[in-house]
1. Can you confirm whether Glu126 is under 22 Å from Arg200 (Cβ atoms) and acidic (Asp, Glu)?
2. Quick test of your reading of the structure: Lys152 fulfils all but one of (1) open to solvent by 90 Å² or more (accessible area, probe 1.4 Å); (2) modelled with pLDDT of 85 or more; (3) more than 19 Å from the chain's Cα centre (by Cα); (4) among the basic types (Lys, Arg). Name the failing condition by number.
3. Do you know which of the residues in the stretch 62-114 that are farther than 22 Å from Asn201 by Cβ, charged (D, E, K, R) and surrounded by 15 or more Cβ atoms within 10 Å (Cβ to Cβ) is modelled with the highest pLDDT?
4. List, please: which pairs have Cβ atoms under 7 Å, are six or more places apart or on different chains, and start with a residue in the stretch 259-270 that is under 18 Å from Leu230 (Cβ atoms) and in contact (Cβ under 8 Å) with a residue 60 or more places away in the chain and end with one that is open to solvent by 90 Å² or more (accessible area, probe 1.4 Å) and not in a helix (DSSP H, G or I)?
5. Does any residue of the stretch 182-189 turn out to be open to solvent by 60 Å² or more (accessible area, probe 1.4 Å) and under 16 Å from the mean Cα position of the chain (by Cα)?
6. Which residue pairs have Cβ atoms closer than 6 Å, lie 6 or more positions apart in sequence or on different chains, and pair a first residue in the stretch 36-64 that is under 12 Å from Val191 (Cα atoms) with a second residue that is modelled with pLDDT of 70 or more and surrounded by 12 or more Cβ atoms within 10 Å (Cβ to Cβ)?
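The values are calculated or read from the model by the stated rules, or taken from the named source; none is laboratory data. Keep in mind that what you see is a predicted model, and the values were worked out from it rather than measured. Positions of Cβ are backbone-derived with ideal geometry, glycine not excepted, and every protein chain shown enters the neighbour counts. Ligands, DNA and RNA are excluded from the accessible area calculation, which covers all protein heavy atoms including side chains. Shrake-Rupley method; radii C 1.70, N 1.55, O 1.52, S 1.80 Å.
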Amino acid sequence: MGSEAIARARARQLDAASAGDANYAMTFPSALEARVVELERERKHLLAIIEILKEVSTSLHFIDILQAIARKLGEAFGLDRCSIFLAERGGRSVRLVASYEDPTIRNYVVDLERYPELKRAMQGGETVFIPDAATDPSLKHVKGELISRRVKSITVVPITWRGVAIGAIFLRTFRDGPTFSDEDVRFVQVVAAITAQALRNAHRYERLAQRQQETGETMRRMELERVALLSFLRRMLAAFGEREGAWAEGLLPRASADELDRLVGVAMAVIQEEAKGR
């Protein structure tokens with residue numbers, strides 16, 4: 001091989017090496033940027049979880065808890081809609097109890113036949129993800145509304161307790177908004193699990209408060225009954241004494257009077273001990 005051929009071969013090797021370096025230089029920044037985006041998404045998820053846990057820990061009223069969760073999810077993802085539903089008896093309808101876009105909506109009954117994606121999540125107990133809502137066959141009856149609202153994706157995550165769907169988190173994104181990724185879906189599933197536990201704790205608290213209120217009312221009623229009984233006996237004895245005249249206790253033997261005093265003392269002691277037992 002002549003010197004000219006060797007030079008040409010060497011030049012080709014350098015060109016190939018340069019092209020490889022260029023490709024690496026182009027690939028590395030893109031991979032780094034993707035990783036930065038992923039880390040930023042994870043950071044937002046963790047911050048949202050912390051905020052949700054703060055909200056849950058400061059309230060035991062389930063409506064306030066659910067409204068706070070809907071607001072945090074809506075703010076975290078910039079959603080078109082974020083609603084939380086709770087199951088109704090019979091399974092044919094659900095109740096809208098919290099809404100990101102309109103916090104004033106509370107306790108609104110929704111027919112599941114109008115929302116097939118919500119029905120699938122509630123009855124199947126599995127997450128429903130529709131990446132392009134406007135082209136989904138199951139939503140053709142509301143296609144015009146979805147297009148006019150520029151809706152992109154719909155995600156419905158069931159809120160389950162002991163394997164049963166007791167509610168659902170409904171999320172809807174804008175067509176020109178950020179893409180709802182698999183990581184985002186898993187994040188909402190974590191939030192749904194926190195929501196289920198928070199609802200359970202709130203239910204226990206409200207049931208305990210109700211029992212305490214019922215116990216307090218029962219004790220008050222019993223106290224009023226005791227007062228009424230004593231008042232009746234006092235009035236009856238006073239009326240009997242006025243009708244019969246003097247009580248004539250002096251006619252009783254001394255032993256009988258002492259025994260009556262002893263029995264009264266015993267009865268009062270028993271009543272006092274019973275009062276301490278309350």
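1. Yes: the conditions hold for Glu126.
2. Tallying (1) open to solvent by 90 Å² or more (accessible area, probe 1.4 Å); (2) modelled with pLDDT of 85 or more; (3) more than 19 Å from the chain's Cα centre (by Cα); (4) among the basic types (Lys, Arg), Lys152 fails exactly one: (1).
3. Arg81
4. none
5. Yes: one or more hits.
6. From residues that are under 12 Å from Val191 (Cα atoms), the pairs are His45/Phe187; Ala48/Lys72; Ala48/Ala76; Glu51/Lys72; Ile52/Ile69; Ile52/Lys72; Val56/Ile65; Val56/Ala198.
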